[in-house]
């Protein structure tokens, strides 16, 4: 899972770089769609592992995943409606969420599942 976390961070950083180049609405939509799909697939894997191991914090962990996916969908809508939106909010939202989630939910999950 740590490799997937690194891949997600790299994809998000690539998205920030692309968005700094003033892309058009379709390019922004494609970038954010890639981020959303990659994160969704990772979350599905984590959630399957949690279910299979009868992980006690499954529901809270899943709810946190859903919160981020909702935020990304909202930001996708915002950028699609206004391609000139400031990407700082996206960067801050994702960075804050990942830092908190990795240090809490994922740290506990990795402790339980052995890495």
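Some notes on this structure:
- In degrees, nearest ten, helix 88-101 long axis to first principal axis of the chain (Cα): 10
- Counted by neighbouring Cβ atoms within 10 Å, the residues 28, 39 run from fewest to most as 39, 28.
- Helix 2-19 and the longest principal axis of the C-alpha atoms of the chain enclose an angle of approximately 10°.
- Computed from the Kirkwood radius of its Cα pairs, the Stokes-Einstein diffusion coefficient for the range 15-64 at 37 °C and 0.692 mPa s stands at 259 µm²/s.
- Ranked list, fewest to most other Cβ atoms within 10 Å of each Cβ, for 65, 110: 110, 65
- Estimated inter-spin distance, residue 58 and residue 4, nm [label 7 Å along Cα→Cβ]: 1.6
- Normalised per residue, the volume of the convex hull around the Cα set of the chain (Å³): 81
- Between helix 25-52 and the chain: long-axis angle, C-alpha atoms, 0 to 90°, nearest 10: 0
Just so you know, all these numbers are worked out from the coordinates, no wet-lab data involved. No experiment lies behind these values; they were computed from the predicted model shown. Quick reminder, even Gly has a Cβ in these numbers, built from the backbone with ideal geometry, and neighbours come from all protein chains shown.
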